[in-house]
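> Let me give you the structure first, and then I'll get to my questions.
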Amino acid sequence: MLQVSREANLLLRPRRTRRTSAVRALVRETRLDPSRFIYPLFVREGRGIREPLPAMPGQWRFSPDRLAREIDDVRGLGIGAVLLFGLPEHKDAAGSGAYAEDGVIQQAVRALRAAHPDLVIATDVCLCEYTSHGHCGIIRDGDVDNDETLGILARIAISQAAAGADLVAPSAMMDGQVGALRRALDASGFTGIAIMGYSAKYASAFYGPFRDAAGSAPQFGDRRGYQMDPANAREAEREIELDLAEGADIVMVKPALPYLDVIHRVSSRVAVPLAAYNVSGEYAMVKAAAERGWCDERSAVLEILTAIARAGADLIITYHAKEASQWLTSR
Ligand code: PBG
């Protein structure tokens with residue numbers, strides 16, 4: 001940084017470029033754009049359903065037919081992509097609903113693809129929404145079996161690609177998951193389907209509202225044996241390097257707000273797009289405070305999203321996507 005001499009101090013007035021809103025806009029370093037937002041959506045079985053999520057005010061569970069209508073709004077706002085999570089009618093120990101040909105996510109992707117041929121559709125590749133025990137993989141001897149889970153994750157990704165997904169997003173935090181998906185997709189002819197790795201996904205307390213929405217809380221233990229320790233930042237670099245070596249097209253840090261340092265740390269070092277996931281708990285905190293009148297929702301949300309972009313995220317996965325895009329276009 002430049003050193004400023006004592007005499008020069010009052011010649012230099014940073015306030016000059018803050019004087020009017022037009023000047024501020026001229027010198028602004030970070031700009032938000034709806035095309036960098038990815039909007040996560042929950043899909044459940046049924047017809048004509050749009051059911052509110054209590055822990056995530058302003059978010060819903062949609063049946064596949066209702067989802068296509070919701071997407072009209074999303075497209076109109078210029079939001080870059082959607083990320084779909086499926087909630088099956090029945091869960092089992094193997095999470096078989098995740099790769100069923102007529103599974104909820106496969107139905108939803110087909111319906112969306114038919115209604116919106118050029119919508120960017122990303123799908124979550126994980127087992128926790130589909131397993132009766134709520135863990136992100138297959139259980140053997142009381143623990144999640146990494147290598148057995150890889151085969152199932154690959155099967156899920158192929159079924160989602162076959163239904164019409166553009167981008168598959170493995171979130172199970174199994175070692176080798178990106179490589180397993182890449183090999184399986186390529187072997188099935190899906191060489192053009194991209195992988196967004198949940199590379200540095202922390203074992204976070206901020207996933208609570210999501211687990212409530214998806215009924216995916218682990219029935220025993222927790223996820224600290226596979227998701228990252230919140231205390232580690234160097235390890236995030238390693239996770240990202242591994243995902244890149246395995247062929248990830250986009251990498252991710254998750255959650256976003258408590259990990260801005262991690263986003264910043266890796267952003268200058270990766271040559272692929274970096275996504276940050278502004279998760280359900282981060283969303284719920286703002287909603288809860290705004291409901292009580294403890295903060296102004298619009299400014300808080302735009303400040304948070306700007307901070308995530310400023311830290312270095314190219315893409316922001318956020319439940320605020322619709323509202324934020326409305327605010328950005330009506331400024
Ligand atoms: C699935 C998955 C989770 C989230 C995204 N994918 C839940 C978890 O790991 O428990 C959380 C997203 C959010 O909180 O918004 N593994």
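The values are calculated or read from the model by the stated rules, or taken from the named source; none is laboratory data. This one's a predicted model, so the numbers in the text were calculated from it and none came from an experiment. For neighbour counting, all protein chains shown are included, and Cβ atoms are generated from backbone atoms with ideal geometry for every residue, glycine included.
Yes/no per residue for (1) buried (at least 22 other Cβ atoms within 10 Å of the Cβ); (2) touching a residue at least 24 places away in the same chain (Cβ under 8 Å); (3) near the ligand (Cβ under 8 Å from one of its atoms); (4) not in a strand (DSSP E or B):
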residue	(1), (2), (3), (4)
Met173	yes, yes, yes, yes
Val178	yes, yes, no, yes
Leu185	yes, yes, no, yes
Thr191	no, no, no, yes
Ile195	yes, yes, no, no
Ser199	yes, yes, no, no
Pro209	yes, yes, yes, yes
Ala217	no, yes, yes, yes
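> Would you say Ser268 is among the polar types (S, T, N, Q) and within 15 Å of the ligand (Cβ to nearest atom)?
Criteria not met by Ser268.
> Restricting to the range 227-254, count the residues that are in contact with a helix residue (DSSP H, G or I) (Cβ under 8 Å, 6 or more places away or on another chain) and buried (at least 22 other Cβ atoms within 10 Å of the Cβ).
Here the count works out to 7.
> May I ask you to say which residue of Cys128, Cys136 is buried (at least 23 other Cβ atoms within 10 Å of the Cβ), touching a strand residue (DSSP E or B) at 6+ places or on another chain (Cβ under 7 Å), touching a residue at least 60 places away in the same chain (Cβ under 8 Å) and more than 30 Å from Glu291 (Cα to Cα)?
The conditions single out Cys136.
> Can you tell me which residue is nearest to the ligand (Cβ to nearest atom) among those in the range 92-132 that are of a type in the set (Gly, Ala, Ser), assigned to a helix (DSSP H, G or I) and over 20 Å from the mean Cα position of the chain (by Cα)?
Taking the candidates together, the pick is Gly97.
> Identify, by number, the condition in (1) within 19 Å of Leu244 (Cα to Cα); (2) without any contact (Cβ under 8 Å) to a residue 40 or more places away in the chain; (3) surrounded by fewer than 22 Cβ atoms within 10 Å (Cβ to Cβ) that Asp147 doesn't meet.
Exception for Asp147: condition (1).
> Right, next: Against the condition crowded, with 22+ Cβ neighbours inside 10 Å, within 13 Å of the ligand (Cβ to nearest atom) and modelled with pLDDT under 95, how does Ala169 come out, does it pass?
In short, no.
> Please pick out the residue among Leu12, Leu26 that is at negative phi, free of Cβ contacts under 8 Å to residues at least 40 places away in the same chain and not in a loop (DSSP other than H, G, I, E, B).
Criteria check complete, one pass: Leu26.
> Something else: For the range 58-87, what are the residues that are more than 18 Å from the chain's Cα centre (by Cα) and assigned to a loop (DSSP other than H, G, I, E, B)?
Result: Ser63, Leu77.
Let's see how each residue does on (1) within 13 Å of the ligand (Cβ to nearest atom); (2) within 17 Å of the chain's Cα centre (by Cα); (3) within 19 Å of Gly208 (Cβ to Cβ):
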site	(1), (2), (3)
Ile263	no, yes, no
Ala275	yes, yes, no
Gly281	yes, yes, yes
Ala290	no, no, yes
Leu315	no, yes, no
